[in-house]
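Colleague: Quick one: structure below, then a few questions.
Values in this text are rule-based calculations from the coordinates and carry no lab data. As the structure is a computational prediction, the values presented were derived from the model and not from experiment. In this analysis, Cβ positions are derived from the backbone assuming ideal geometry, glycine residues included, and neighbour counts consider all displayed protein chains.
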2 protein chains.
Amino acid sequence: MKLTVKLLDIENRGVLLHCTDARSMRVRDGDRVQIVDEATGKTAQAHVDTTGSLIEPGVIGVYRPVNATLAVDEGTPVEVRGAERPASLEHIKKKMDGGRFTKDDTVDIVRDIVDDVLSPGEITAYVTASYINGLDMDEVEYLTRATVETGERLHFTRHPIVDKHSIGGVPGNKITLLIAPIIAASGLLIPKTSSRAITGAGGTADLMEVLAPVSFPALEVQQMTEKVGGAIVWGGATNIAPADDKIITYEYPLRIDARGQMIASVMAKKFAVGADLVVIDIPVGRNTKIATAQEGRKLAREFIDLGERLGMRVECALSYGESLVGHTIGPNLEVREALAVLEGATEPNSLIQKSLSLAGIALEMAGKAGPGQGARAAADILRSGKALEKMRQIIEIQGGDPNVKAEDIVPGECRFDVNAPQDGYVIELNNSALVTLARLAGSPYDHGAGLLVHAKKGTRVRKGDPIFTIYADREWRLERAIEVGRTLMPVLVEGMVLERIPHERWV
Amino acid sequence: MKLTVKLLDIENRGVLLHCTDARSMRVRDGDRVQIVDEATGKTAQAHVDTTGSLIEPGVIGVYRPVNATLAVDEGTPVEVRGAERPASLEHIKKKMDGGRFTKDDTVDIVRDIVDDVLSPGEITAYVTASYINGLDMDEVEYLTRATVETGERLHFTRHPIVDKHSIGGVPGNKITLLIAPIIAASGLLIPKTSSRAITGAGGTADLMEVLAPVSFPALEVQQMTEKVGGAIVWGGATNIAPADDKIITYEYPLRIDARGQMIASVMAKKFAVGADLVVIDIPVGRNTKIATAQEGRKLAREFIDLGERLGMRVECALSYGESLVGHTIGPNLEVREALAVLEGATEPNSLIQKSLSLAGIALEMAGKAGPGQGARAAADILRSGKALEKMRQIIEIQGGDPNVKAEDIVPGECRFDVNAPQDGYVIELNNSALVTLARLAGSPYDHGAGLLVHAKKGTRVRKGDPIFTIYADREWRLERAIEVGRTLMPVLVEGMVLERIPHERWV
């Protein structure tokens, strides 16, 4: 059916049809149509909303994401018809029935995800079936390759390219801000694409944004890395592994953490940036994604296996995941802490040791340090000031102020100290409760919001000593965090009477 | 956040927010918000689309299905906030991880489906997880009860109430048009809610609509049944088992046919109309939903078991499902065939025998016929003209013309005969190909469209004899059916040379 385009500024992968047109095309709300601009040959698929009045019969309302593909002007005549059922649905059904994805199946599915041919419900079915019935290593490899091939890639002429990844779940994990400049300062290339927080209080991209812009197309990421040895950018702004971003979107509401998909997701991004050497940080412990060392070792073997299939050398480090890294949660607080270490601070030990260990593994893999000498070599680079110098170059090339100092970066003006209700040892600091508080205080959107933890687990405190401080940029957010914090009990001091009314513990 | 309502005539369970409002509420496209009209106390949940221009900041565009719940006027101030993550997502996640639904879990999920709290993706996850990991009989019972309790029910004072259901998959299965009037003519009550075709060429509701309106609220269905003994209506127009309609919507794109959900779906509708005695027709054979008699018997036991749990007596009949019932597919053709039998025609045997057998089971269950005497009693009612008389009453009370005759109902004016390409026996009539042809010809939307099959499987034909005729209301649809039919090969005559170019077989 020939319809005339009306552009509608709605952020949704849909089109709006008059109900009479929908009826004559035999499409119902939620069905899929194919739109063809015969002048340009461009086509797009979209899901149908209907209306009896917002547009006239003969007109198709094209929402913004659809027109990103179609690129038509208002008034353009387009051909619209009910879309064929995509073959990828058969593949998804096969997985539901316990079957295996072939390479071609996987390519069909990933391409249809990227092209928005599959609906949210259908992508959820894919994610759910893959989660329940699992993916074997062949299927994970297919998924990784298809994810890479449906996006952009970096092509460096100099090698080796180093990359790192931390499996999430540990708050305050600002180590990339130290590792990337150390690696780059050693002469290696590290084009680090990072994520923003989904459920956390700040992803690496959120942190780096305190110092410099982080949104660049893939080619610029490559050019910046070639010039100064490294970059720390937001992967979501590139078109690298776009399928992965969508898959994660649909895993999120159900908190699906499908092992095979997670491995493919991580490794696709490494493969797409052309990494030769990859270090994976696997935090282990209660309240992290990996509960036991045994499970962590199994995951490590899978990363290494997939790396071999793709021609990347992978080494993994199991790290202690039950305690936050350093003392801070939230963009400004974390960046200040990391910058201070680059500037020469010798604390916090947990942050420095973890960063040097992981950077050291990469240096050994690249032959920049002998076996067992990597952490020391990394420490030398850090202490020499070369890592700070390199970080300033990275900040500058990304458009930030290279002369920024740790002391320039201040937490929010609104603050509240949470004090020990009595003498004793801190026996529990609940990571997820701390993250919830930081988010309520405004993190990561309000850069000044977050937590500064004074007494980590095992510290002896006296009644009235501050255990942690909540910072916020806005008073009402601080109040909201305090209010919810009363019920969350993020901290327990040995001997605390658990039966008292919660808010008494806060004063 | 306080926003002012602007009503938008879009058929989608969403609201439109200005992107700046969405940002300050921390909701993203696709997130869920809670809308509260503080004046009436009414609340609704909806998914968020965003725009930079279609509405002003401070305004919320409320789509039509959301306002069906909220019932606010343009300009009403409402409170809008990010919605809590519903508990039902935890239950769905549990099923993904191999757990069992409790009764309360099931109630949460079904209520959130009915109230549109769950997104399409989340409902798909529920359906997918239930399909892959299965539901045991307790879970099926919970689902059935929750489906009934979240919708309307009929409450008859006279009993017993009879109901029937045919598991789908057999084309031309117009038996309800005979069974319902036979049962009602025997003095029993049969409030028959039926479905429209989803993938077929005509559901019972599509057929009945040729004779009379089929959309009534539940209370009217009850009143009509009380007056004349029966009604044949479209279940989708009532608010009986509304969760089921939605679940089916999300199963459809993936062709998910989850056994437990199917049983719950069928039985919820029977339970909700207050049925005491239920006859289930289970067509068995290749190309039906149930491939073997063994599988059919297992399914029958499950229906009977669930019936016992709910206090309904259930009997099942396995029927031959590999061949169409009667000779016709498509609304007018099928209705004409069924009416002719009510008027006294003694053909087609397959239609008459199947209808009498199933009606007979119900008559025996209700004590209207002795054991083994039901089919004969049904035949007596049919031959006496009482079934025709009853059907006319049903047609009249639903607002149709009670004097309608079989000969009044004519197929479409456009027709095409498909003839035998050579002498031989018809060794294959592919049901799903026949249904596809009927749909291409316009069925069930164009009432005159469909197929009349002259030579069913096993019939001896001579070269040039018509095997079936395609009817359509519109020439272009007929041509489309003919064109596709050339490639579908819905019919094989013994000795046909399969290697010849397909379209030669048609002339």
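Colleague: Shape of the range B:87-134 from its Cα gyration tensor (a ≥ b ≥ c, root eigenvalues): rounded if a/c is under 1.5, otherwise prolate when a/b > b/c, or oblate?
Modeller: oblate
Colleague: List the distances, in nm to one decimal, from the label point of B:Pro466 to the label points of the same position in every other copy, shortest first, placing each label point 7 Å from Cα along the Cα-to-Cβ direction.
Modeller: Copy-to-copy label distances at B:Pro466, shortest first: 9.2 nm.
Colleague: With the label 7 angstrom out along Cα to Cβ, how close does B:Asn239 come to the same site in each of the other copies, in nm, nearest first?
Modeller: Distances to the matching label points in the other copies: 4.9 nm.
Colleague: Counting other C-beta atoms within 10 Å, and keeping those with at most 16, which DSSP coil chymotrypsin sites (Phe, Trp or Tyr not before Pro) do you find in the range B:108-215?
Modeller: Those that pass, being in a loop and sparsely packed, are B:Phe156.
Colleague: Among the lysines, which have Cα under 18 Å from the Cα of A:Lys227 when same-chain residues fewer than 8 positions away are ignored?
Modeller: Within the straight-line limit of under 18 Å, A:Lys227 reaches these lysines: A:Lys192, A:Lys386, A:Lys390.
Colleague: Right, next: Along Cα→Cβ, 7 Å out, is where each label goes; now give me the distance between the ones at A:Glu74 and B:Glu84 in nm to one decimal.
Modeller: Result: 4.4 nm between the two label points.
Colleague: For the range B:252-372, just say rounded, prolate or oblate: build the C-alpha gyration tensor, square-root its eigenvalues into a ≥ b ≥ c, call rounded for a/c under 1.5, and beyond that prolate if a/b exceeds b/c, oblate if not.
Modeller: Oblate, because a/c is 1.5 or more while a/b does not exceed b/c.
Colleague: Could I ask something else about it? If we count every other residue with Cβ under 12 angstrom of A:Ile381's Cβ, Lys/Arg +1 and Asp/Glu -1, where does the sum land?
Modeller: +3
Colleague: Please compute the modelled spin-label separation between B:Arg415 and B:Thr487, points set 7 Å along Cα→Cβ, answer in nm with one decimal.
Modeller: My value for the distance between the label points is 2.8 nm.
Colleague: If you don't mind, another one. Using only Cα atoms, tell me the angle between helix B:176-185 and the longest principal axis of chain B; keep it within 0 to 90° and round to the nearest 10.
Modeller: Long axis of B:176-185 versus the principal axis of chain B: about 90 degrees.
Colleague: Shifting gears a bit: How compact and how long is the protein assembly as shown, expressed as Rg and Dmax of its alpha-carbon atoms in Å?
Modeller: 33.3, 106
Colleague: Per 0.36 nm of contour for each residue apart, how much would the distance between B:Arg100 and B:Gln223 grow if the chain were fully extended, relative to their Cα-Cα spacing?
Modeller: 40.3 nm
Colleague: Moving on. Compute the length gained on full extension between A:Glu428 and A:Asn403: take 0.36 nm times their separation in residues and subtract their Cα-Cα distance, giving the result in nm to one decimal.
Modeller: Difference between extended and current length: 5.1 nm.
Colleague: At what distance in angstrom do the alpha carbon centres of the range A:475-491 and the range A:122-175 lie from each other?
Modeller: Between the Cα centre of the range A:475-491 and that of the range A:122-175, the gap is 36 Å.
Colleague: OK, next. Evaluate peptide A:252-258: per residue, the Cβ atoms of other protein chains within 10 Å of its Cβ; return the mean as an integer.
Modeller: Partner-chain Cβ atoms within 10 Å, mean over residues of A:252-258: 5.
Colleague: Please report the net charge: other residues with Cβ closer than 13 Å to the Cβ of B:Met312, K and R +1, D and E -1.
Modeller: Residues close to B:Met312 contribute a combined charge of 0.
Colleague: Okay, next question. Treating the angle as unsigned and between 0 and 90°, give the value, to the nearest 10°, between the Cα long axis of helix B:475-488 and the longest Cα principal axis of chain B.
Modeller: Helix B:475-488 sits roughly 80 degrees off the main axis of chain B.
Colleague: I'd like the orientation of helix B:242-251 relative to chain B: the angle between its Cα long axis and the longest Cα principal axis, in ° from 0 to 90, rounded to 10.
Modeller: With both axes taken from Cα atoms, the answer is about 80 degrees.
Colleague: In nm, give the distance between the simple-model label positions of B:Gln373 and A:Glu308, each being 7 Å from the Cα along the Cα-to-Cβ direction.
Modeller: Using points 7 Å along Cα→Cβ, the separation is 7.9 nm.
Colleague: Just for the protein assembly as shown, what percent of DSSP beta bridges are antiparallel, to the closest 5?
Modeller: 50
Colleague: Taking a cut-off of 18 Å between Cα atoms, list the aspartates and glutamates near B:Lys354, but don't count ones fewer than 8 places away on the same chain.
Modeller: Straight-distance partners of B:Lys354: B:Asp163, B:Asp281, B:Glu315, B:Glu322, B:Glu334, B:Glu337, B:Glu343, B:Glu364, B:Asp380.
Colleague: Give the cross-link partners of A:Lys42 among the lysines, using a straight C-alpha distance below 19 Å as the criterion and excluding same-chain residues fewer than 8 apart.
Modeller: Excluding near neighbours in sequence, the set is A:Lys2, A:Lys6.
Colleague: Also: If the label for B:Glu56 sits 7 angstrom from Cα along the Cα-to-Cβ line, what are its distances to the same label in every other copy, in nm to one decimal, shortest first?
Modeller: Taking the point 7 Å beyond Cα along Cα→Cβ, the inter-copy spacings are 2.8 nm.
Colleague: Another one. For the protein assembly as shown, what does -39500 (n - 2.57) per DSSP helix run (n ≥ 4), summed and divided by total residues, give at 222 nm, in deg cm²/dmol to the nearest 500?
Modeller: Rounded to the nearest 500, it is -12500 deg cm²/dmol.
Colleague: If you don't mind, another one. Given axes a ≥ b ≥ c from the Cα gyration tensor, I'd like to know whether the range B:2-82 is rounded (a/c under 1.5), prolate (a/b larger than b/c) or oblate.
Modeller: Here the range B:2-82 falls in the rounded category.
Colleague: Ok, one more. Roughly how compact is chain A, stated as its Cα Rg over 2.2 N^0.38 Å to two decimals?
Modeller: Taking the Cα Rg and dividing by 2.2 N^0.38 Å, one obtains 1.07.
Colleague: Another one. Considering only Cα-Cα distances, which of the following residue pairs are longer than 18 Å: B:Lys246/B:Lys269; A:Lys93/B:Lys289; B:Lys289/B:Lys456?
Modeller: B:Lys289/B:Lys456
Colleague: Moving to a separate point now. Partner chain Cβ atoms within 10 Å, averaged over the residues of B:1-10 - can you pull that number for me?
Modeller: Averaged over the peptide's residues, the number is 3.
Colleague: Could you sort A:305-315, A:274-284 so that the peptide with the highest average Cβ count within 10 Å comes first and the rest follow in order?
Modeller: Taking the mean over residues of other Cβ atoms within 10 Å, the ranking is A:274-284, A:305-315.
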